Amino acid sequence: MHTDDHLLAILEKYDGWMREGKIPYAGKILPVREACRSQQRILPTQQAIQILRNARTFALAECTCRTHYRRCDHPLETCLLINDMADAWVEASKAQRISLEQAEEVLRKANVHGLVHQTAYNPEQYIWAVCSCCSCCCYRLQILRQFGRDDLVVRSDYIAVQKETRCNDCGLCVPRCIFGARQMVGGELVYQSERCFGCGLCVTACPEEAISLRMRALRHR
């Protein structure tokens, strides 16, 4: 775990916005599209691509968190800016307009790299970006993991469900879960559903299709 003055300053900023009622939270997890079965209805507000489709405009930029820390070799161009933020960054030559098909490819590659989809919030605009985040660099995920701030980064409206009869304890889902909901104990997979944030990365890693997403109970959202 890396705690530094830069991250603490980001946390202080988020806390200030929260106290003043300017944002509901700093980020919210979104399930990856590939984790959703064809017959399953995922709420439009929970689909990264649908958020972009409903936006006035969007643009692709390098992830500011990963650019700052550079602790991994994941792709840098994963931040999809929305509306006013997109306009401002394009005008400043820090982002480029892309098509919806290109945005879908950015999101698809994020799943391959095990990056967590997340909406980002700030006082200027309700949702200003759809990010694909790693736990080693992302400001919000670092704050969640280091300080347990699940009031700042909240769960998606979905939760992973395990079909024990299909699970062969291969453990491929374990490294995909940055939230610590999955671990191998004595050669067997142990799943702690209360730690699941509903990102869906475990679903896309399972070769046995033993994991699926379902709507989270209202009291747990």
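Below are the figures for this structure:
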{"item": "Region 72-115 - charge dipole about Cα centre, Lys and Arg +1 at Cβ, Asp and Glu -1, debye rounded to 20", "result": "100 debye"}
{"item": "Under 23 Å from Lys28, Cα to Cα: lysines that are on another chain or at least 8 residues apart", "result": "Lys13, Lys109"}
{"item": "Order of Asp151, Asp5 - criterion: other Cβ atoms within 10 Å of each residue's Cβ, fewest first", "result": "Asp5, Asp151"}
{"item": "Bins of 5 Å from zero: percent of alpha-carbon pairs in region 101-221", "result": "2, 10, 19, 23, 21, 15, 7, 2, 1, 0"}
{"item": "Gyration tensor (alpha-carbon) shape descriptor, region 5-154, a/c threshold 1.5", "result": "rounded"}
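No value in this document is a laboratory result; all are computed from the given coordinates. Bear in mind that the values here come from a model prediction, so they are computed numbers and not experimental data. No Cβ is skipped: glycine too gets one built from the backbone with ideal geometry, and neighbour counts run over all protein chains shown.
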